[in-house]
1. Measuring from label point to label point, each 7 Å out along Cα→Cβ, what is the residue 107 to residue 120 span in nm?
2. If I model a spin label as a point 7 Å beyond the Cα along the Cα-Cβ vector, how far apart are those points for residue 221 and residue 150 in nm?
3. What are the semi-axes of the equivalent ellipsoid for the range 154-218, taken as the square roots of 5 times the Cα gyration tensor eigenvalues, largest first, in whole Å?
4. How much length is gained on full extension from residue 242 to residue 230, taking 0.36 nm per residue of separation minus their Cα-Cα distance?
5. Between residue 277 and residue 190, what length comes free when the chain is fully extended (0.36 nm per residue of separation minus the Cα-Cα distance, one decimal in nm)?
6. What percent of all Cα-Cα pairs in the range 64-274 falls in each 10 Å bin, counting up from 0?
7. Please sort 239-250, 155-166 by packing, taking for each peptide the average over its residues of neighbouring beta carbons within 10 angstrom, highest first.
8. So how do 104-114, 263-273, 167-177 stack up, highest first, on mean other-Cβ count within 10 Å?
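Any read-out appearing in this document is the output of simple, stated calculations on the displayed coordinates, not a laboratory observation. Because the structure is a prediction, the values reported are computed rather than measured. All Cβ positions, glycine included, derive from the backbone under ideal geometry; neighbour counts span all protein chains shown.
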């Protein structure tokens with residue numbers, strides 16, 4: 001039932017854009033059922049098909065994620081988590097470092113990470129990371145708001161995960177906290193912690209993508225890493241992945257209802273382009289194929 005309801009609402013928004021205002025009210029009405037907890041299971045047999053023709057799909061006149069610039073400077077930071085934090089003005093050293101990192105991001109971002117920085121608030125940044133295939137974050141979009149302190153890079157940036165209240169990973173809390181050694185918010189070896197001389201925001205984003213949003217997030221829990229590869233704990237990991245994928249689907253629906261500012265084209269374009277794969281992933285989890 002969860003899969004069926006997700007497909008109905010997801011497809012309604014993606015393939016019938018003229019009805020998008022209706023989508024908001026429908027998703028609200030259905031949310032108690034769609035956004036049920038991962039523990040609630042049903043045994044409904046569902047044969048998943050996608051009946052959108054190739055011609056209709058190509059006719060969708062929206063900006064696909066491939067056309068959305070990976071890096072850009074924008075002007076409206078009003079919905080940024082740290083927008084209300086007073087801009088005290090960065091020191092000359094901090095400002096120079098931030099400008100250097102803008103250039104680094106512009107040239108070196110991978111295709112699966114998108115960044116927006118702000119004209120009048122150089123102390124703020126927003127990033128979207130695309131969930132990788134083979135993980136329970138498959139084709140999801142995960143948004144992070146970043147604040148650079150006035151003495152940056154002496155101190156690491158503050159990073160807030162836009163969770164919509166869902167804890168999709170042991171390192172990503174429902175309140176937005178991000179636990180990562182590189183941010184000095186997680187215990188780690190000295191070589192893993194923030195180093196003012198060579199650490200940067202690109203490293204932070206790549207670390208979140210590779211070390212946090214990985215294929216076996218269950219083992220990110222403190223002390224669990226030693227059990228990876230053992231049969232009992234691998235089964236626990238697969239069950240955890242199923243729950244995480246449901247939270248990923250919930251996050252998708254929330255993003256479609258409230259896309260972060262300056263990322264609206266990415267959200268709509270990405271989900272329209274990846275819809276078939278996302279729905280196939282739903283079917284894969286329904287059938288017990290945890291790695292899709």
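1. Each label point is offset 7 Å from its Cα along the Cβ direction, giving 3.1 nm.
2. With each label placed 7 Å out from Cα toward Cβ, I get 4.3 nm.
3. Working: eigenvalues 84, 33, 21 Å².
Whole-Å semi-axes of the equivalent ellipsoid: 21, 13, 10.
4. 2.5 nm
5. Numbers: separation 87, 0.36 × 87 = 31.32 nm, distance 4.01 nm.
Fully extending the segment from residue 277 to residue 190 adds 27.3 nm.
6. In order of increasing distance, the bins hold 8, 34, 37, 18, 3, 0 percent.
7. 239-250, 155-166
8. Values: 104-114: 15.5, 263-273: 20.4, 167-177: 17.8.
Peptide ranking by packing, descending: 263-273, 167-177, 104-114.
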